[in-house]
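The values are calculated or read from the model by the stated rules, or taken from the named source; none is laboratory data. Just so we're clear, the structure is a prediction, and the values are computed from it rather than from any experiment. Glycine also receives a Cβ, built like all others from the backbone with ideal geometry; neighbour counts cover every protein chain displayed. Each accessible area value is taken on the protein alone, full model and side chains, heavy atoms only, with ligands, DNA and RNA left out. Shrake-Rupley method; radii C 1.70, N 1.55, O 1.52, S 1.80 Å.
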Amino acid sequence: MIIVKYESMKKYMLVVAGYSGEKKEIFKKFSENNSKYCNLHNIEYIEYSKNVTPIRGKYNWVKPFVANDLLNNKLEENDLLICIDADIAISKFDTEFELDQAKSFGYAIDSANTHNTGFYIIRNNEWSRNMIRLTVDEDRYNHYIKKESIHERFKTKSVFWDELVDQASWYSLAGIKRHSDISFWNLENYGWNSECDEWTVYSVEELNDNVQLFDTSFNVTELSFETEGSFNINSVNYANVINRHFAGNQNWNTVWLNTNLAKISIYYFNPIRLFNYFYKKYRPKIIGKFRKILKI
């Protein structure tokens, strides 16, 4: 295989933020951190944070729609577009966000064991432009937004596309099953083509040819002593976190902005904080046992 190096390639970072109130103020610090990272690595920072309106009733749809526009109307062929969610804190500035020359799209299987699209890199070429077009395709959306599926752990039915939006769109394109309590790293083909239907587009062979999977440290959504922990399937050591992703309803924490291990240790292993964490986590179980003993 001949690998072509693209000497004229430029790099861009896209962040879309539609926050108000406290999160808007915290995002300003995240954005300053993003800008510093981009300046260090010669990346053009593109931020959409003014007058952002939901698409299809969700803010999470805005990022892929903007990415689609950038790939088709601003970026040159083979330029790189780094897309990160606004609730991601870049924690290691000495790690450069790069994509293997032979790949068109890259993302990480996160610590909570999802094929997470909160952080991804796209090389602007025919394959990736078609992929992002399919991600936001209206016909695909109209099909899946009405389709319920079963969550493997909870045994409940709901519309996956309504919950995880563009991430659910990637799952359908690659034929990834909705959830696994076994690490996707340990499943055959990382879970690609584990649950296909008539709308699945990519074969395992095409995914292997075009997609790069980054280490879990690039998208840490679950972390010991911070989140509840039952989804912390692909655990990452504090010292190895590259991007701290405050997915879902987690409290944002600025301690992860371009940080160091000493700073992290002081915060997380503070005795008062640890007591509050364990009290909050185990209090319901303890109360439940007492009620059972006392038959309340």
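Quick notes
- Ranked by the mean number of other Cβ atoms within 10 Å of their residues, highest first, the peptides 170-179, 124-133, 259-268 fall in the order 170-179, 124-133, 259-268.
- Ranked packing of 33-44, 112-123, most packed first, by mean Cβ within 10 Å: 112-123, 33-44
- For the chain, the longest principal axis of the Cα atoms and the long axis of helix 21-40 meet at an angle of about 50 degrees.
- Proximal aspartates and glutamates relative to Lys58, as straight alpha-carbon distance under 16 Å, when same-chain residues fewer than 8 apart are discounted: Asp85, Asp87, Asp137, Glu138, Asp162, Glu163, Asp166
- Carbon/sulfur fraction of accessible area - the chain, other protein chains in place, 1.4 Å, %: 51
- Dividing the Cα radius of gyration of the range 91-138 by 2.2 N^0.38 Å, with N the residue count, gives 1.31.
- Acute angle (nearest 10 degrees) that the helix 62-73 long axis makes with the longest principal axis of the chain, alpha-carbon atoms: 20
- Extension reserve of the Ile55-Asn73 stretch, reckoned as 0.36 nm per residue once the Cα distance is removed: 4.5 nm
- Sequence-separation-based contact order of the range 1-137, relative, with Cα cut under 8 Å and 6+ spacing, percent: 29
- R0 of 35 Å, Cβ-Cβ distance Phe278-Lys29: FRET efficiency to nearest 0.05: 0.80
- DSSP assigns beta bridges within the chain; of those with both partners inside it, close to 55 percent run antiparallel.
- Under-5 Å amide H pairs with Ala108, H placed in peptide plane, nonlocal only: Asn116, Phe119, Phe214
- Ligands, DNA and RNA are left out, and with a 1.4 angstrom probe the accessible area of the chain is 52 Å² per residue.
- The range 127-235: relative contact order in percent, alpha carbon pairs under 8 Å with at least 6 residues between: 18
- Among [x] 20.1, 73; [y] 21.0, 86; [z] 25.9, 74, the entry that matches Rg and Dmax of the Cα atoms in Å as calculated here: [x]
- Our summary gives the chain a relative contact order of 19 percent, counting only alpha carbon pairs under 8 angstrom and 6 or more residues apart.
- Between Ser203 and Thr156, the contour length at 0.36 nm per residue exceeds the Cα-Cα span by 14.1 nm.
- Pairs from the table (Lys11/Lys103; Lys10/Lys50; Lys24/Lys50; Lys29/Lys74) lying more than 18 angstrom apart at Cα are Lys10/Lys50; Lys29/Lys74.
- Neighbours of Asn234 by Cβ distance under 12 Å: Lys/Arg scored +1, Asp/Glu scored -1, total -4.
- Taking 0.36 nm per residue of separation and subtracting the current Cα-Cα distance, fully stretching the chain between Tyr267 and Asn237 would add 9.3 nm.
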